[in-house]
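The values are calculated or read from the model by the stated rules, or taken from the named source; none is laboratory data. Here the structure is a predicted model, which means the values were calculated and not measured. Don't worry about glycine lacking a Cβ; one is built from the backbone with ideal geometry, like all the others, and counts go over all protein chains shown. When the accessible area is computed, the model is the full protein with side chains, heavy atoms only, and any ligands, DNA or RNA have been set aside. Shrake-Rupley method; radii C 1.70, N 1.55, O 1.52, S 1.80 Å.
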Amino acid sequence: MSAPLQQAARALSAATNVCVLTGAGVSAESGVPTFRGLDGLWKNFRPEEVSNPDAFARDPALVWEWYNMRRDRLGGVEPNPGHHAIAEIERRVDRFTLVTQNVDGLHAAAGSRNVLEVHGNIWRTLCTGCGRRQDRTGERLDALPACPACGALLRPDVVWFGEMLDPDLWDAAVEAVRSCDLFLSVGTSAVVYPAAGLLDAAAGAVKIEVNVEPTPASARVDIALAGRSGQLLPLLARQAFGLGD
Ligand code: BJW
Ligand code: ZN
């Protein structure tokens, strides 16, 4: 085991209040493409161009085509060992908060309980007319889905560029990060704000990053672990909590 991994495991075993921030890299090993980077999927769709309210106003069918394709693809997807390791860490520490930028619901599927989905959830719809939110998990939606209550156009209940994050969720995330003694940033390119700024709110914590490549966060953490989350997180949890020994 590498020295940084051992150091991270020691910090995790001593921690009582852990906050984890996750991004698309955690779901990558379940086969969900990331937004940016080498395997960045959505190669034909740049997130900055399609994940914004102007794009939806201009061409809602195009935006829905992207989201419906992603909903379809997520249908058969299962959590991977990285998701499971994060759920295991939650079961082992006194206080735990997971702040995820992912909208795929895979953390909850892996058994994580205290999850703040700060960029929303792709399975929910939000009515552009009456504001009603609905869980439409697993359903195939129309190309331009209409609200069952008022008939107006629905949109995915996710946070697009230029939109505010839900203030209650965001306040809870900041509070959790400020009070934690270990902050773990996993599988995020750390370029999208305000989530990327959470690292700076974790002033009093040991800060650890897990990523396959360096990010703007790498130089600002105490321990940067280079590798796949599906491999490193189970090792980290096993070493910290003596699992499987
Ligand atoms: C692995 C791995 C493996 C791969 N193991 N690792 C200038 C400066 C600062 C901020 C701004 C600015 N100009 C504009 C802004 C604000 C803007 C922003 O941050 N822009 C920057 C891009 C410059 N932010 C916003 O607009 C936010 N709102 C806001 O600020 O409100 C206030 C405001 C209001 C009005 C006006 C202005 C401000 C909202 C941001 C919403 C982001 N939404 C999306 C789409 C969500 C819905 C959907 O899924 O479609 O969220 S965009 C997309 O990026 C998605 C993600 O959650 C988010 C972050 O991406 P993530 O998760 O980090 O993925 P990737 O692909 O980037 O990275 C994957 C990483 O995994 C890589 O590092 C790989 O190496 C790694 N990896 N395999 C470990 N196996
Ligand atoms: Zn409605």
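One line per residue, one yes/no per condition, for (1) open to solvent by 10 Å² or more (accessible area, probe 1.4 Å); (2) assigned to a helix (DSSP H, G or I); (3) at pLDDT 95 or above:
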{"residue": "GLY76", "(1), (2), (3)": "yes, no, no"}
{"residue": "GLY82", "(1), (2), (3)": "no, yes, yes"}
{"residue": "GLU88", "(1), (2), (3)": "yes, yes, yes"}
{"residue": "VAL103", "(1), (2), (3)": "yes, no, yes"}
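I'd like the residue in the range 107-149 that is among the small types (Gly, Ala, Ser) and in contact with a Phe, Trp or Tyr (Cβ under 8 Å, 6 or more places away or on another chain) and, out of all such residues, is modelled with the lowest pLDDT. Give the steps one after another, and end with the answer.
As a first pass, look at the range 107-149 and keep what is among the small types (Gly, Ala, Ser): 108-112, 120, 129, 131, 138, 143, 146, 149.
Now drop any that are not in contact with a Phe, Trp or Tyr (Cβ under 8 Å, 6 or more places away or on another chain), which leaves 138, 143.
Working: GLY138: 95, ALA143: 98.
Within the range 107-149, the match that is modelled with the lowest pLDDT is GLY138.
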(request) Have a look at VAL177, VAL210, VAL159, VAL186 and point out the one that is in contact with a Cys (Cβ under 8 Å, 6 or more places away or on another chain) and surrounded by 19 or more Cβ atoms within 10 Å (Cβ to Cβ). (result) VAL177
(request) Among the residues of the range 52-67, count how many are over 16 Å from ARG124 (Cα atoms) and either assigned to a helix (DSSP H, G or I) or in contact with a Gly (Cβ under 7 Å, 6 or more places away or on another chain) (or both). (result) 10
(request) Considering each residue of the range 118-156, count those that are more than 15 Å from ligand 2 (Cβ to nearest atom) and open to solvent by less than 40 Å² (accessible area, probe 1.4 Å), and give that number. (result) 6
(message) Whether any residue in the range 79-98 is in contact with a Lys or Arg (Cβ under 8 Å, 6 or more places away or on another chain) and within 13 Å of ligand 1 (Cβ to nearest atom) is what I want to check.
(response) yes
(request) Mind listing whichever residues of the range 215-234 are more than 14 Å from GLU29 (Cβ to Cβ) and either touching a residue at least 12 places away in the same chain (Cβ under 8 Å) or surrounded by 14 or more Cβ atoms within 10 Å (Cβ to Cβ) (or both)? (result) THR215, PRO216, ALA217, SER218, ARG220, VAL221, ASP222, ILE223, ALA224, LEU225, ALA226
(request) May I ask you to say which residue of VAL206, VAL177, VAL191, VAL158 is near ligand 1 (Cβ under 10 Å from one of its atoms) and touching a strand residue (DSSP E or B) at 6+ places or on another chain (Cβ under 6 Å)? (result) VAL158
(request) Just one of (1) more than 27 Å from LEU198 (Cα to Cα); (2) crowded, with 20+ Cβ neighbours inside 10 Å; (3) not β-branched (Val, Ile, Thr) trips up GLU65, so point out which. (result) (2)
